[in-house]
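The values are calculated or read from the model by the stated rules, or taken from the named source; none is laboratory data. Just so it is clear, the model here is predicted, and its values are computed rather than measured. Every residue, glycine among them, receives a Cβ derived from its backbone with ideal geometry; neighbour counts consider all protein chains shown. We work out accessible area using only protein heavy atoms, side chains counted, and drop any ligands, DNA or RNA first. Shrake-Rupley method; radii C 1.70, N 1.55, O 1.52, S 1.80 Å.
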Amino acid sequence: MKPYGSTQDTDLSSIPSEFRENYRFLTELIDCRDKNHSAISGLDCLGQRKLFELRGKLNRRQLKIINDYINQLQDSEMFSAPVPAELEASIRIKKRSSWLPWEAEAIRKIERWRNDLSAITTNGTSGRVR
């Protein structure tokens, strides 16, 4: 994963000023969607049977993620992150010091969700409790 603020470090002088903000937003949006996709793809690799076996090793938040994912497999509804990528990108392009409390909470929520998915995938592939 790229560290926070990576789009701000890019040389934007070659981009006309009227497009600069859109470029930063779209770059961050693509990065957020890539992070979400890679987090979810770890669950796809485990298989449904392995997910059922993992249930006893997970905390409550992680168990909810597994249940939502399994329900998505059965009902064909979209399994998605708790914070839309568009919202996350619009928050991340701003300076952290200017975030409102709900924006900081949204970022904490999506990061916790990604960490939980990573822990589930790690438990599923290694067989150890984390």
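What do you reckon, is residue 3 at pLDDT 85 or above and not in a helix (DSSP H, G or I)? Considered against the rule, which asks whether it is at pLDDT 85 or above and not in a helix (DSSP H, G or I), residue 3 comes out as no. In segment 87-107, the residues that are open to solvent by less than 70 Å² (accessible area, probe 1.4 Å) form Cβ pairs under 8 Å with partners that are assigned to a loop (DSSP other than H, G, I, E, B) and among the hydroxyl-bearing types (Ser, Thr, Tyr), at six or more places apart or across chains, as follows: 92/4.
Take residue 76 and tell me if it is out of contact with any helix residue (DSSP H, G or I) (no Cβ under 7 Å at 6 or more places or on another chain), modelled with pLDDT of 80 or more and open to solvent by 60 Å² or more (accessible area, probe 1.4 Å). No; evaluated as a whole, the condition is false for this residue. Sub-7 Å Cβ pairs linking a first residue in segment 26-39 that is under 16 Å from residue 108 (Cα atoms) and outside the structural domain of residue 107 (by the TED database) to a second residue that is assigned to a helix (DSSP H, G or I) and of a type in the set (S, T, N, Q), at least 6 apart or interchain, are 39/118, ordered by first then second residue.
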